[in-house]
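The values are calculated or read from the model by the stated rules, or taken from the named source; none is laboratory data. The model shown is predicted, which means the values in this text are computed figures rather than measured ones. Backbone-built Cβ (ideal geometry, glycine too); neighbour counts: all protein chains shown. Keep in mind that these areas ignore ligands, DNA and RNA; they rest on the heavy atoms of the full protein, side chains included. Shrake-Rupley method; radii C 1.70, N 1.55, O 1.52, S 1.80 Å.
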Amino acid sequence: MNIQELNYYYTKFKYGEENFHNLMQHRIENILLISNFFDAYVLEQDGRLSEQIYGDYKQLHLSTAPKITTVPFTENINSKLEEGHYDLVIIMMRIGEISPFELCENIKNQFPQMPVILLLNKQSYVELVYRNQNKLKNFDEVFLWNGDSMLFMAMIKLIEDKLNVEHDTKFGNVRVTLLIESAINYYSLFLPVFYSEAMSLTQELTQSELSDTNKRLRMRARPKVLMAHNYEDAVELYRKYKEYIICVISNVNLQVNNTYDELGGVKLLREIRQNNPDLPIMIQSADKYNKIHAKKLNAEFLDKNSAQLLHRIRRFIKNNLGFGDFVFRNLQEEEIGRAKNIYQFEQMLKEVPDESLLYHAARNHFSAWLAAHGELKIADSIRHIVTADFLSVQHLREFLLQTIKKVRQKQYQGKVIHFTPAILTEEDKIIQLTEGSMGGKGRGLAFLNSLLTAMDIDDEFDNISIKLPRTAIIGTHEFDIFLEQNKLQSKELIKHSDKEINQIFSEAKLSDELKNKLKIMLEKIDYPLAIRSSGLLEDSQSQPFAGIYNTYMLPNNRNPERNLEQLCTAIKLVLASPFKKDARQYIESINYKLDEEKMAVVIQEIAGHKSKDGLFYPHLSGVAQSYNFYPSSRMTHKDGIAAIAVGLGKGIVEGERAFRYCPKHPKIDLLKPEDIVENNQRKFYALDLNLTEFDFNKDEESFLQHQRLSKKQKEEEFKLFTSVWDYQNSSFIDGDYAEGPRVLTFRQLIHFNKYPLSQIINRFLEIGEIAMGVPIEIEFAADFANNEPKFYILQIRPLSINKEAVKLDLDNISEEKAVLITKRGMGNGTMDDISDIVFVLPDKFDNKETLAMSQELEKINKKLKAEERKYILIGPGRWGSSDRFLGIPVHWANINMAKVIVEASLENFSVDASQGSHFFHNLVAMGVGYLTVRNKEDYLDWEWLQKQPVINKEEHIWHVRPKKNVVVKIDGKTGKAVILK
């Protein structure tokens with residue numbers, strides 16, 4: 001697999017959308033998007049650009065929606081621009097060896113009039129851009145994308161408004177909003193909110209219009225947005241369009257004559273206020289003391305540090321800004337029925353009288369209406385029908401219905417489509433129940449589904465089928481509606497405990513529209529469901545949020561009313577996830593505001609089968625990473641790693657016992673046979689279909705059973721994955737007829753390749769890493785019930801790997817100068833600003849007392865957080881494990897000031913590293929150094945630690961502060977790491 005091959009499949013996936021674009025016209029007709037493939041996919045598919053742009057342009061009575069051409073950084077961009085006629089270029093920050101600044105300069109030198117936008121997708125890139133402001137002169141605008149699909153639309157609209165404002169104000173009396181802001185992250189938040197609200201309000205105004213023509217004219221008149229980044233540009237725009245400007249939003253700190261003036265915005269707004277005493281004005285500032293200036297100017301003040309930032313912007317806009325159905329007719333042209341969408345249209349085709357069918361078919365009404373509603377391929381298929389060619393009207397009716405069904409199935413394969421009851425039971429589709437972004441997890445699932453269908457991966461393997469569980473997604477729009485209609489505000493919610501937040505949300509109401517769709521969906525499906533979070537910030541390349549939010553698993557059996565009630569409750573509790581303590585602290589730790597997070601919800605079929613005792617589970621679940629943080633033997637970091645276990649995958653992602661191996665070297669065991677037996681899985685998770693009550697305070701465990709693996713299960717249900725342990729020879733005996741105690745080794749799959757598990761894992765890791773441009777992690781399940789082997793791909797997320805160059809030669813580092821020396825370091829870089837160390841006393845460690853240790857750590861961490869001091873955390877066992885006997889079961893919130901974490905083996909206590917767990921994955925993404933120390937192979941100076949000045953002593957844990965900072969060095973390529981005294 002290479003970039004060219006993936007480009008072929010990506011183009012194949014997009015093919016259906018190309019005709020969609022070619023049908024319409026507009027001022028910006030062609031966009032060149034320069035990025036890696038995954039970034040392009042997220043922007044186009046999650047943003048539903050084709051649909052959103054089409055709908056918006058139709059409402060505004062404009063012509064053609066932009067055609068987006070995606071090119072990788074490897075192509076000759078200037079040649080591409082010469083070949084095509086592009087109106088806008090968008091450059092992502094991560095494009096390859098050449099910087100976006102150099103690329104933009106090259107483009108502008110050859111095409112000086114070409115608008116070029118720089119699109120950032122990580123907060124850290126903003127600082128990089130500010131440090132290179134002198135290089136930004138060639139870009140027309142710079143934006144930060146945080147997962148909100150509306151930003152892409154806002155970027156296009158801003159450029160179009162800039163092009164059209166002079167004409168539209170002069171001839172259409174269109175109004176203007178003036179935004180003066182230099183902070184990239186803030187105007188990237190503002191613009192999507194403005195366009196969304198402006199369009200929504202304009203749509204409300206058009207409801208009173210009876211004429212479709214008037215509706216379109218009114219929609220064309222939505223307010224334009226003009227943006228300036230300094231005083232001079234703002235003055236010029238205001239003077240030119242002052243009679244059309246309906247509101248002004250400005251920052252206080254503003255650049256005047258190329259120098260930042262702390263009150264430059266106030267000076268500007270004072271001039272505007274003198275000219276227009278009644279103009280609505282909003283002043284924005286990170287300094288709350290600037291509120292006094294707003295009061296003097298009779299303006300609204302917005303504190304940029306407010307948790308209610310977006311809410312306040314929406315309220316200001318709302319308070320300060322002032323294609324019909326298909327109508328079936330008879331021969332007398334009297335209305336006999338009406339269809340609002342393609343589903344209603346298809347249903348009415350089955351029922352309308354023959355005369356009506358002939359009337360519309362003869363006039364090509366069907367084709368025209370379908371084309372206008374975006375059903376281009378269906379429209380094209382029936383455009384040339386001649387009624388005389390059919391034996392009867394019934395044959396014509398059947399032809400129309402079959403054509404719609406056939407084309408729709410092919411067209412929607414692998415796509416995210418709007419809720420339609422007719423396709424709820426079909427596979428290869430993801431259904432979006434409400435509008436808005438699909439969130440991080442939803443984006444990954446949609447991306448996987450498109451790959452599965454476009455690449456026909458299922459055809460590559462003979463004796464097993466590969467699929468994505470059937471999935472529906474509730475877009476973030478429902479989250480906004482839910483909070484607004486139930487009058488839920490984050491500033492009030494965060495005052496409550498997690499339990500109280502659950503109660504508040506469970507008593508609130510979902511929208512009637514969503515609830516009706518859920519009721520219809522449950523009537524057509526009978527499989528268990530997983531209700532998962534999919535936040536805007538979740539599972540992105542800079543902040544994966546693995547395991548931070550809640551997941552609920554539901555039996556979905558027997559009682560339809562109870563099923564609907566439980567599903568609605570689970571959805572509401574997922575919507576509550578961002579407001580809970582651990583989630584809030586995590587969001588703050590990655591420098592985001594709670595108000596920036598929005599929640600989508602994924603409703604997904606649970607992969608598996610029903611056992612005789614009423615339990616539901618897959619035969620095995622697993623997690624695989626394309627980058628192995630702890631390679632051994634002949635393996636490298638890039639060979640990847642996988643962890644598999646029988647039953648549901650909860651135990652794996654929470655750091656419990658699982659079987660680990662390298663899919664590229666499946667016949668090499670990572671542990672000795674004795675250690676495989678010692679670390680063997682003891683329990684497995686399953687969904688109990690016999691349970692009926694839903695206790696929302698137990699999260700996903702309400703319907704889960706954590707069962708001990710029985711001898712009978714190993715000999716029957718899971719026999720395929722077991723080998724007999726030969727104690728005398730310390731070896732495994734394989735085969736169905738071998739007698740003796742059975743141990744989970746998965747050798748039939750891994751060593752003997754009875755099913756191509758390793759090859760499938762490698763294929764997904766390879767494709768995913770190329771497509772995303774970074775190492776990735778996947779979650780999967782496999783089931784072999786009824787002799788029908790199935791492999792389910794469940795999730796995909798990026799891993800964060802720091803590329804800073806650090807080289808270590810451990811042979812030249814003496815133990816006298818070191819606190820720690822290990823060859824099992826995870827992370828990369830040098831840290832020399834840490835002066836605090838928190839460690840578990842070796843002689844006080846008892847794995848039966850780890851809950852008490854977790855409480856002690858939380859207490860120490862709280863004090864260090866108040867002092868804003870980072871620290872090194874050292875302790876035995878597996879950090880963050882839900883199995884308290886394997887290590888201290890901390891949550892991230894308990895240790896979120898730790899900059900380096902060490903897993904240290906003791907003489908009588910040693911477990912595998914935490915690799916693959918959600919806790920571990922979040923530490924990787926946040927750049928926390930993670931070191932593992934083995935007794936004989938590595939070095940840790942416990943004696944030195946206990947001699948350092950003590951700041952705080954707990955029963956099991958000490959907090960010490962050496963007289964000078966320690967220095968941490970981690971070589972990410974080799975895994976070598978040291979902590980120097």
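Any residue at all in the range 151-166 that's over 26 Å from G265 (Cβ atoms) and either in contact with an Asp or Glu (Cβ under 8 Å, 6 or more places away or on another chain) or aromatic (F, W, Y) (or both)? Before the answer, list the steps.
Residues of the range 151-166 that are over 26 Å from G265 (Cβ atoms), as a first pass: 152-153, 156, 160, 163-164.
Next cut, either in contact with an Asp or Glu (Cβ under 8 Å, 6 or more places away or on another chain) or aromatic (F, W, Y) (or both) only: 152-153.
Within the range 151-166, one or more residues are over 26 Å from G265 (Cβ atoms) and either in contact with an Asp or Glu (Cβ under 8 Å, 6 or more places away or on another chain) or aromatic (F, W, Y) (or both).
Selection of first residues in the range 714-743 that are over 18 Å from F659 (Cα atoms) and at pLDDT below 85 and of second residues that are open to solvent by 30 Å² or more (accessible area, probe 1.4 Å) and outside any strand (DSSP E or B), restricted to Cβ pairs under 7 Å at least 6 apart or on distinct chains, gives the following pairs, ordered by first then second residue: D736/K719. Please tell me if F684 is in contact with a Lys or Arg (Cβ under 9 Å, 6 or more places away or on another chain) and either buried (at least 18 other Cβ atoms within 10 Å of the Cβ) or modelled with pLDDT under 85 (or both). Considered against the rule, which asks whether it is in contact with a Lys or Arg (Cβ under 9 Å, 6 or more places away or on another chain) and either buried (at least 18 other Cβ atoms within 10 Å of the Cβ) or modelled with pLDDT under 85 (or both), F684 comes out as yes. Checking the range 540-550 against the condition returns no match, with no residue being open to solvent by 30 Å² or more (accessible area, probe 1.4 Å), modelled with pLDDT of 90 or more and either assigned to a loop (DSSP other than H, G, I, E, B) or in contact with a Lys or Arg (Cβ under 8 Å, 6 or more places away or on another chain) (or both). G649 fulfils the conditions (1) open to solvent by 20 Å² or more (accessible area, probe 1.4 Å); (2) touching a helix residue (DSSP H, G or I) at 6+ places or on another chain (Cβ under 8 Å) except for a single criterion, (2).
For the range 733-763, give me each residue that is under 37 Å from the mean Cα position of the chain (by Cα) and among the aliphatic types (A, V, I, L, M).
Initial filter on the range 733-763 (under 37 Å from the mean Cα position of the chain (by Cα)): 744-763.
Scanning the range 733-763 gives L744, L749, I750, L757, I760, I761.
Each row is one residue, and each column tells you yes or no for (1) open to solvent by less than 20 Å² (accessible area, probe 1.4 Å); (2) in a helix (DSSP H, G or I).
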site: L81; (1), (2): yes, yes
site: R94; (1), (2): no, no
site: L103; (1), (2): yes, yes
site: K108; (1), (2): no, yes
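How many residues are within 33 Å of the chain's Cα centre (by Cα) and not hydrophobic (A, V, I, L, M, F, W, C) when one looks only at the range 824-849? Show your work before the answer.
Pass one, the range 824-849, residues within 33 Å of the chain's Cα centre (by Cα): 824-831, 833-834.
Going one step further and asking which of them are not hydrophobic (A, V, I, L, M, F, W, C), we end up with 824-825, 827-830, 833.
Counting residues in the range 824-849 that are within 33 Å of the chain's Cα centre (by Cα) and not hydrophobic (A, V, I, L, M, F, W, C) gives 7.
Among the residues of the range 335-361, just one is at pLDDT 90 or above, open to solvent by 80 Å² or more (accessible area, probe 1.4 Å) and over 20 Å from F399 (Cα atoms), namely E335. Of the residues examined, I159 is not one that is open to solvent by less than 20 Å² (accessible area, probe 1.4 Å), of a type in the set (A, V, I, L, M, F, W, C) and within 24 Å of the chain's Cα centre (by Cα). Is it the case that some residue within the range 362-385 is at pLDDT 80 or above, touching a strand residue (DSSP E or B) at 6+ places or on another chain (Cβ under 6 Å) and assigned to a helix (DSSP H, G or I)? No, the range 362-385 has no match at all. Among the residues making up the range 282-293, those that are in contact with a strand residue (DSSP E or B) (Cβ under 6 Å, 6 or more places away or on another chain) and closer than 11 Å to N251 by Cα are M282, I283, Q284. Within the range 133-180, the set of residues being closer than 26 Å to G442 by Cβ and among the aromatic types (F, W, Y) comprises F143, W145, F152. Looking across L794, L873, L810, L864, one residue alone is of a type outside the set (D, E) and surrounded by fewer than 18 Cβ atoms within 10 Å (Cβ to Cβ). It is L810.
If I ask for residues that are among the hydroxyl-bearing types (S, T, Y) and surrounded by fewer than 17 Cβ atoms within 10 Å (Cβ to Cβ), which ones from the range 110-131 would you list? Working first, answer last.
First, the residues of the range 110-131 that are among the hydroxyl-bearing types (S, T, Y): 124-125, 130.
The answer is S124, Y130.
For the range 818-841, the criterion of being in a helix (DSSP H, G or I) and not aromatic (F, W, Y) is met by none of the residues. Screening Q566, Q585 for residues that are under 30 Å from Y125 (Cβ atoms), touching a Phe, Trp or Tyr at 6+ places or on another chain (Cβ under 9 Å) and assigned to a helix (DSSP H, G or I) leaves exactly one candidate, Q585. Would you confirm, using the coordinates I've provided, whether A642 is open to solvent by less than 10 Å² (accessible area, probe 1.4 Å) and either of a type in the set (V, I, T) or farther than 30 Å from S490 by Cβ (or both)? Yes; evaluated as a whole, the condition is true for this residue. Those strands (runs of 3 or more DSSP E) of the range 223-291 in which at least 1 residues are modelled with pLDDT under 95, polar (S, T, N, Q) and under 24 Å from E160 (Cα atoms), considering only elements entirely within it, cover 245-251.
Provide a single number: the residues in the range 740-781 that are in a strand (DSSP E or B), farther than 17 Å from Q625 by Cα and open to solvent by less than 20 Å² (accessible area, probe 1.4 Å). Spell out the reasoning first.
Narrowing the range 740-781 to residues in a strand (DSSP E or B): 742-744, 776-781.
Cutting the leftovers down to farther than 17 Å from Q625 by Cα gives us 742-744.
Filter once more, so that each one left must be open to solvent by less than 20 Å² (accessible area, probe 1.4 Å): 743-744.
Of the residues in that region, 2 qualify.
Being crowded, with 20+ Cβ neighbours inside 10 Å and of a type in the set (S, T, Y) is not true of Y592.
Assess whether L670 counts as being touching a strand residue (DSSP E or B) at 6+ places or on another chain (Cβ under 7 Å), hydrophobic (A, V, I, L, M, F, W, C) and at pLDDT 90 or above. Can you show your working first?
Working: touching a strand residue (DSSP E or B) at 6+ places or on another chain (Cβ under 7 Å): yes; hydrophobic (A, V, I, L, M, F, W, C): yes; at pLDDT 90 or above: no.
So L670 does not fit the description; no.
For S511, the stated conditions hold: it is out of contact with any Leu (no Cβ under 7 Å at 6 or more places or on another chain), among the small types (G, A, S), closer than 23 Å to Q432 by Cβ and modelled with pLDDT of 90 or more.
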